[in-house]
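Scroll down for the structure; my scribbles are underneath it.
The values are calculated or read from the model by the stated rules, or taken from the named source; none is laboratory data. The structure displayed is predicted, hence computed values, not measured ones. For neighbour counting, all protein chains shown are included, and Cβ atoms are generated from backbone atoms with ideal geometry for every residue, glycine included.
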């Protein structure tokens, strides 16, 4: 499955059923853009099946080393991604 379509479905679900705040949606969209950028830079096709543990470990390293994010920001991005992946 193409990750973009799944993510939009995830966001639509959050908005309609979970009634999350607009700032949460905005943060989740930003988190997704960072993930997608990572996938493209590493020549990983943006498909759900390609989001496996080794890729996630590389993504976390990317967030810390290349992007320079602090621990709390990385945790939020992981939580955002985890919420998405738990649905699919």
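Restricting 85, 5 to those that are outside any loop (DSSP other than H, G, I, E, B), at pLDDT below 95 and exposed (fewer than 12 other Cβ atoms within 10 Å of the Cβ) reduces the list to 5.
Inspect all residues belonging to segment 54-67 and state whether any of them is touching a strand residue (DSSP E or B) at 6+ places or on another chain (Cβ under 7 Å), at negative phi and not in a helix (DSSP H, G or I).
The answer is no, given that none of the residues of segment 54-67 is touching a strand residue (DSSP E or B) at 6+ places or on another chain (Cβ under 7 Å), at negative phi and not in a helix (DSSP H, G or I).
Every condition in (1) in contact with a helix residue (DSSP H, G or I) (Cβ under 8 Å, 6 or more places away or on another chain); (2) surrounded by 11 or more Cβ atoms within 10 Å (Cβ to Cβ) holds for residue 45 except the one numbered (2). For segment 27-45, the criterion of a residue being part of a helix (DSSP H, G or I), free of Cβ contacts under 8 Å to residues at least 24 places away in the same chain and within 18 Å of residue 86 (Cα to Cα) is satisfied by at least one position.
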